Amino acid sequence: MRGRDDWADLRRDFELAKLAYDRHPDFHPSDQMCDLLILGEDHRFLNHAGVDPIALARAAWRTCLCGRREGGSTIAMQLVRTLTGRRERTIARKTREIALAIRLTKNNFRETLPRLYLWLAYYGWRMNNFREACERLGIDPKSHDLHSAAQIVARIKYPQPRKAPPRRIDQIETRCRYLIDRYQNQHQKRSLIDECDEAV
């Protein structure tokens, strides 16, 4: 019974978030931002059903055997966590999150999940959602500037506090470079594949 209630609550919160998103067309994350999010947080996004068993196994291995905490959450799992507000570190919570992420992925258009997660994510002090982050950082969401897009996405992993110490600024900039490199490498590979297809 509890599982059904969890799904009903999540579905309601998802629909409310989607309505809020639809009411602000000038503040929608760009395709570029969604690509950066997928590359940085969930690069097998198109190939799993809401949960990435490879990432979960790697995270469990490194946490249990190497003593180094590492996340294995997919975009769907992070969206579930954001919508439910549940963050306790228990196996029960994680199991529920996995089950809900699978249902959310199955019952929604896959491309909606990264956009809605970017819309709701926490980016730092006075940046409790995408719109606030764009306004505070002076970033136009319609811009095609890759560095600006990376600045937004980098703060999902490294939220910016009110008075960010130099170490946090370095983390954000390092994350930006990492995201941009992955994005450019992916597009170079696509270009090479397209050229090979045209040559055949």
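The values are calculated or read from the model by the stated rules, or taken from the named source; none is laboratory data. Keep in mind the model is a prediction, meaning the values are calculated, not measured. Cβ coordinates were reconstructed from backbone atoms using ideal geometry, including for glycine residues, and neighbour counts include every protein chain displayed.
The table for this structure:
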| read-out | value |
| --- | --- |
| Where a residue in region 20-49 is over 15 Å from Lys157 (Cα atoms) and its partner, wherever it lies, is surrounded by fewer than 19 Cβ atoms within 10 Å (Cβ to Cβ) and among the aliphatic types (A, V, I, L, M), with Cβ under 6 Å and at least six apart | Ala49/Ile102 |
| Region 42-58, residues that are surrounded by 13 or more Cβ atoms within 10 Å (Cβ to Cβ) and either at pLDDT below 95 or assigned to a loop (DSSP other than H, G, I, E, B) (or both) | Asp42, His43, His48, Ala49, Gly50, Val51, Asp52, Ala55, Leu56, Arg58 |
| Residues located in region 153-171, provided they are of a type outside the set (A, V, I, L, M, F, W, C) and more than 24 Å from Pro114 (Cα to Cα) | Arg162, Lys163, Pro165, Pro166, Arg167, Arg168, Asp170 |
